[in-house]
Amino acid sequence: MTHEGPFLILNAMKYGVDKNGYYGSFGGAYVPEILYKTVETLRENYSQILDSEDFKREFSQLLKDYVGRPSPLYFASRMSEKYGCHLYLKREDLNHTGAHKINNAIGQILLAKRMGKKRIIAETGAGQHGVATATVCALMDMPCRVYMGALDVERQHPNVERMRMLGAEVFPVESGNKTLKDATNEAIRDWCCHPADTFYIIGSTVGPHPYPDLVARLQSVISAEIKVQLEQKTGRNYPDWLIACVGGGSNAAGTIYHYLEDTRVRIALAEAGGMGLESGRTAASLEIGTLGILHGSRIKVMQTEDGQITEPYSISAGLDYPGTGPLHCNLYESGRAQALAVTDEEALRAAFELTRMEGIIPALESAHALALLPKLKFKADDIVVLTVSGRGDKDMATYLKYYGKI
Ligand SMILES: *Cc1c(COP(=O)(O)O)cnc(C)c1O
């Protein structure tokens, strides 16, 4: 298995980013004046660094020996029978630190080092991206501050302890609703104060250009592996369906990256429906969001008519974000991908089902992707690849609360 076969250049492609940082009418880089130069320098350098032999060598080596890649592509036979298709699970849950986030964190810290940065900041919601960032900072001996909403610090205590043990400073954010959006605002504020020496490791395909493209390219290893693994297992290097959950969009971006232009492959994205689309307690921004600018990018966001961000809600902290990255906004609006909302309850049921049918306890986020299986219509010989973005250890308290009750 290789991680060579370098990153595709999407610029020339229909669904890729254009030279101004747009995916259709989404994306761009809306940053305060003080960050302009920093973001511009990143934009000028990232592509060339990612494509350099030296970067590719170090990145591939760490993905292999540190993360444990390639992650397996597992044929789920009992679930295949139940849903009338050939279902393969892409096992990002087996990565070091328990999710796909580590792929991106490693790539960005290697980039930060090559750009001469001395200090790392990050934002985190559930703590998965915070843990991944704290992990790579320990690995590379770089100081690290992670911004986290005070409410999330309380709710996600084991991950806070993990980050501290890894040597990161966890900074609780007391403003707003004390969750991910507020942590991101605070991280941007820090960045504004230290633009020269600080690298901001963003955890998803969000933020100003070039972040969405950078993160998508670092995660594209997922679909690069799927191609090779599917060819070996089925004699064909593309599936009929790709399924993934979307928060900001990074695991989905990695899953679909090398198939974006291949319209034989249908793409289904699972959004967090929360208590339901009509309930006012949801995070399904592709379906109910409207065009706005959030965290440096023009995307679909949940907002009031006068542009105040609506608080998102999902049982899954990793999907609890009021927007979706520009790549996915464009895929959805152009009809290339379909998006379906999954409620908390549907996600919980799907998690219990995978656990009992395949012996895999998924993250709550990944359970949203699994909950699409009963909603989609497959043909008996369809090959379906579904990304299990993370493992369920962090969600055990939630699972136990509902186990046997739904
Ligand atoms: C963070 C997270 C997500 C959501 O983020 P994306 O950028 O949309 O992938 C999904 N699954 C897991 C396990 C996560 O930790």
| query | Where both residues lie in region 228-328, what percent of DSSP beta bridges are antiparallel, nearest 5? | reply | 60 percent
| query | In region 97-153, which trypsin sites (Lys or Arg not before Pro) are in a loop and have at most 15 other Cβ atoms within 10 Å, using DSSP for the loop call? | reply | Lys118
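Assuming 0.36 nm per residue, please report the length gained on full extension of the stretch Asp54 to Phe75 beyond their Cα-Cα distance.
On the way: separation 21, 0.36 × 21 = 7.56 nm, distance 3.49 nm.
Once the chain is fully extended between Asp54 and Phe75, it gains 4.1 nm.
Note down the magnitude of the dipole of region 288-377 about its Cα centre, charges +1 on Lys and Arg C-beta and -1 on Asp and Glu C-beta and zero elsewhere, to the nearest 20 debye.
On the way: 7 positive and 11 negative charges, 83 e Å.
Dipole size: approximately 400 debye.
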| message | Going by Cα centres, region 240-275 and region 333-386 are how many Å apart? | response | 11 Å
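Report, as a whole number in µm² per second, the diffusion coefficient that Stokes-Einstein gives for region 137-271 at 37 °C and 0.692 mPa s using the Kirkwood radius over alpha carbon pairs. List each step's numbers first, then the result.
Working: Rh = 17.1 Å.
Result for D is 192 µm²/s.
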| query | Of Lys181/Lys405; Lys90/Lys300; Lys90/Lys394, which pairs sit farther than 26 Å apart, going by alpha carbon to alpha carbon? | reply | Lys181/Lys405; Lys90/Lys300
| note | Restricting to Cα pairs under 8 Å and 6 or more apart, the percent relative contact order of region 279-338 works out to 33 percent
| said: Within region 104-123, list the residues whose amide N lies under 14 Å from a label point set 7 Å along Cα→Cβ of Asp197. | reply: 116-121
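Hey, can you list the DSSP H helices of the chain whose Cα span along the axis is 15 Å or longer and whose average Kyte-Doolittle score is at least 0.5? All intermediate terms of the calculation are to be shown ahead of the outcome.
Working: long enough: 33-50 (26 Å, -0.34); 101-114 (20 Å, 0.11); 128-140 (18 Å, 1.04); 180-193 (20 Å, -0.51); 221-234 (19 Å, -0.02); 344-358 (21 Å, -0.63).
Helices meeting the criterion: 128-140.
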| task | Would you mind computing, in nm to one decimal, how far apart the modelled labels at Gln61 and Asn20 are, each placed 7 Å from Cα along Cα→Cβ? | result | 4.2 nm
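Provide the FRET efficiency to the nearest 0.05 for the Glu33-Tyr403 pair, computing r from the beta carbons and using R0 = 51 Å. Walk me through the numbers before you get to the answer.
Values: r = 52 Å, r/R0 = 1.01.
About 0.50, to the nearest 0.05.
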| note | Share (percent) of C-alpha pair distances in region 88-174 greater than 22 Å works out to 24 percent
| For the chain, what is the mean residue ellipticity at 222 nm derived from helices alone (per DSSP H run of n ≥ 4: -39500 (n - 2.57); sum divided by total residues; nearest 500 deg cm²/dmol)? | -12000 deg cm²/dmol
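Using a 10 Å Cβ count of at most 15 others and DSSP loop calls, identify the longest part of the chain lacking such GluC sites (Glu not before Pro). Let's see the in-between values first.
On the way: sites that count: Glu4, Glu174, Glu261, Glu278, Glu305.
Result, exposed sites excluded: 5-173.
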| field | Spin-label model distance (nm) - Arg189 vs Asn237, 7 Å beyond Cα toward Cβ | value | 4.9 nm
| Residue farthest toward the positive end of the dipole of the chain, with Cβ of Lys/Arg at +1 and Asp/Glu at -1: which of Gly296, His129, Thr198? | His129
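Would you work out if the chain is rounded, prolate or oblate? Take a ≥ b ≥ c from the square roots of the eigenvalues of the alpha-carbon gyration tensor; rounded if a/c is under 1.5, else prolate when a/b is larger than b/c, oblate otherwise.
Working: a/c = 1.35, a/b = 1.19, b/c = 1.13.
Here the chain falls in the rounded category.
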| request: Give the residue from Leu151, Asn177, Ile102 lying farthest towards the positive end of the charge dipole for region 54-180; charges sit on Cβ (+1 for Lys and Arg, -1 for Asp and Glu) and the dipole is referred to the Cα centre. | output: Ile102
| request: Take peptides 130-136, 236-242 and line them up by average Cβ neighbours within 10 Å, highest first, as a rough protection proxy. | output: 130-136, 236-242
| Considering only DSSP beta bridges whose two residues both sit in the chain, what percent are antiparallel, to the nearest 5? | 30 percent
| task | Would you mind telling me which residue in Asp344, Asp54, Asp395 has the biggest mean-square fluctuation in a Gaussian network model of the chain, where springs connect alpha carbons within a distance under 10 angstrom? | result | Asp54
| Please state the relative contact order of region 193-283 as a whole percent: Cα pairs under 8 Å, 6+ residues apart? | 25 percent
| task | Give the relative contact order (percent, whole number) for the chain; include only Cα pairs under 8 Å separated by 6+ residues. | result | 20 percent
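Nearest 20 debye, what's the magnitude of the dipole of the chain about its Cα centre given +1 on Lys and Arg Cβ and -1 on Asp and Glu Cβ? If you can, show how the numbers build up before the last one.
Details: 44 positive and 48 negative charges, 142 e Å.
Its charge dipole is roughly 680 debye.
Only the coordinates and a few stated rules stand behind these numbers; no lab work does. No experiment lies behind these values; they were computed from the predicted model shown. So basically every Cβ, Gly included, is an ideal-geometry build from the backbone, and we count neighbours across all protein chains shown.
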